[in-house]
1. One residue is enough: does segment 194-217 have a residue meeting the conditions in contact with an Asp or Glu (Cβ under 7 Å, 6 or more places away or on another chain) and not aliphatic (A, V, I, L, M)?
2. Please go through segment 37-50 and pick out each residue that is part of a loop (DSSP other than H, G, I, E, B) and out of contact with any Ser or Thr (no Cβ under 7 Å at 6 or more places or on another chain).
3. For segment 173-211, which positions are among the polar types (S, T, N, Q) and without any contact (Cβ under 8 Å) to a residue 24 or more places away in the chain?
4. For segment 61-120, which positions are outside any strand (DSSP E or B), modelled with pLDDT of 95 or more and of a type in the set (Val, Ile, Thr)?
5. So which of Arg133, Arg116, Arg214 is crowded, with 19+ Cβ neighbours inside 10 Å and within 25 Å of Ser46 (Cβ to Cβ)?
Amino acid sequence: EASVKARKTSHRVTAKGKNVPSHVNTFDELKKYSISSHLYANLVSSGYVEPTGIQSHCMPILLEERDLVAISPTGTGKTLAYLLPIFSLLSVPTSTLIASSSTSTGVRAVVVVPTRELAHQIHNECLKLAQGRKWKIVLFSKATANALSQKEARDKVDIIISTPLRLVAALQEGILDLSNVRHLVLDEADRLMDNEFMEQIQEILGSCRHKNLRKALFSATLPANAEKMAMDMLDDPIRIVVGLKDT
Ligand code: ADP
Ligand code: MG
């Protein structure tokens, strides 16, 4: 059963950064960001009635295409906080775009997580928001990576969810190109900032070279040294902390 710990009134929220967009109290208030009625319908059918604290603060920031560090306890809905803005900003599946016109193609959003298990969970959340549209969402594995070795398959991908190791392997094999990525999320960023993954994270960052790349880091905790690294990766970032972290 889903447990949602952070209702908007029950946790202290601190926001730092330039021109922090106002938070919303309801999903309805996101209408000013032109969320499609289809996406709203998927929110409702997924049982999401009102935003959690981290969602009410982070969704406007991401919809305004700002870089973000977001810290909020486990179980507070960080996944939806970044997935809803990604779906909204991607607007329509690439496969639909390819059918209608010639446009730049290739993966547009990447979510990096430290474990396969987490990648699975995030993929499941994606599928809820993707209902009824031809989104191509890839849970990256050896098998799916191989399927992407054909450019035609690769060009239709909207969102990739992967561990660092798998993603870097595909980059090194030349079967993946991240130069069209507009949205990069590092989830469970405290673990990704660890020495174990740092080299891979740097390689992934270096491969996402679109000039409109937006980056967001989400975590339940972020030690000071990891936070400094995180801030160095981001452009004009906003930092949102929900709950206990801030002192
Ligand atoms: P976190 O990443 O912060 O640990 P998750 O994104 O895994 O949290 O979400 C925890 C649970 O809360 C999931 O089952 C998710 O479906 C549910 N959830 C997220 N947002 C909402 C919401 N606004 N209303 C109800 N349930 C939600
Ligand atoms: Mg999470």
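The values are calculated or read from the model by the stated rules, or taken from the named source; none is laboratory data. Predicted model only: the values in this text are computed from it and were never measured. Quick reminder, even Gly has a Cβ in these numbers, built from the backbone with ideal geometry, and neighbours come from all protein chains shown.
1. Looking for residues that are in contact with an Asp or Glu (Cβ under 7 Å, 6 or more places away or on another chain) and not aliphatic (A, V, I, L, M), one finds at least one in segment 194-217, hence yes.
2. Ser46, Gly47, Tyr48, Val49
3. Correct list: Asn195, Gln202.
4. Matches in segment 61-120: Ile61, Thr74, Thr76, Thr79, Ile86, Val113, Thr115.
5. On inspection, the qualifying residue turns out to be Arg214.
Residues checked against (1) at positive phi; (2) within 16 Å of ligand 1 (Cβ to nearest atom); (3) in contact with a Pro (Cβ under 9 Å, 6 or more places away or on another chain); (4) not aliphatic (A, V, I, L, M):
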position	(1), (2), (3), (4)
Tyr40	no, yes, no, yes
Gln55	no, yes, no, yes
Thr76	no, yes, no, yes
Ala81	no, yes, yes, no
Val92	no, no, no, no
Ser95	no, no, no, yes
